[in-house]
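Beneath this line is the structure, given in structure tokens, with notes to follow.
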Amino acid sequence: MKDSGKSVLAVDWGRKRLGLAISDPTWTLARPLEVIAHISHGKNAERILKIAQDNNVSMIIVGVTYDENRMPTYNGRSAMRLLEEIKNLGSIPVAAWNEEGSTRSAISTRVEIGSSRKKRKGHLDSIAAAIFLQNFLDLESTK
């Protein structure tokens, strides 16, 4: 699904905020992009599609959490509803990605780079999105 010269956008869904991350055009590196306030699935989808268009994106992945039976959790089902709304409103391919542990990894990353405890309380959403996007990119590079 890799489109030469275009990036991948990752969305970390949350009840209050959505974290966005983007890849470089070679699908090698992920970086946090921005955090947007959660409004509604429809409004969020419109905003995400506009950001995707502005950033030359060929694919969007939405982070979904799953339970021990591999079924989407409550938050995972909300993320899936957002995914469906993005699909319905746009023409960019959209896929679900297991984001398990990405927020914990984001916290650990902030600790490792020496962020103060006060700064670690800030929004981790776009960092979490960058972490699961990097996992996606790493897997794609082995195909």
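Restrict the check to the stretch 118-129 and report whether at least one residue is surrounded by fewer than 16 Cβ atoms within 10 Å (Cβ to Cβ), modelled with pLDDT of 95 or more and assigned to a helix (DSSP H, G or I). The answer is no; no qualifying residue exists.
Trp97 falls short on exactly one of the conditions (1) at pLDDT 90 or above; (2) assigned to a loop (DSSP other than H, G, I, E, B), and that condition is (2). Total residues in the stretch 57-80 satisfying the condition of being outside any helix (DSSP H, G or I), under 16 Å from the mean Cα position of the chain (by Cα) and exposed (fewer than 15 other Cβ atoms within 10 Å of the Cβ): the figure is 1.
For the stretch 1-45, the set of residues classified as in a loop (DSSP other than H, G, I, E, B), open to solvent by 50 Å² or more (accessible area, probe 1.4 Å), farther than 17 Å from Asp138 by Cα and free of Cβ contacts under 8 Å to residues at least 24 places away in the same chain consists of Lys16, Ile39, listed by residue number. Of note, Ile48 satisfies the criterion of being at pLDDT 95 or above and assigned to a helix (DSSP H, G or I).
The values are calculated or read from the model by the stated rules, or taken from the named source; none is laboratory data. These figures come from a predicted structure and were not determined experimentally. So basically every Cβ, Gly included, is an ideal-geometry build from the backbone, and we count neighbours across all protein chains shown. Heads up: the accessible areas ignore ligands, DNA and RNA and are worked out on the full protein's heavy atoms, side chains in. Shrake-Rupley method; radii C 1.70, N 1.55, O 1.52, S 1.80 Å.
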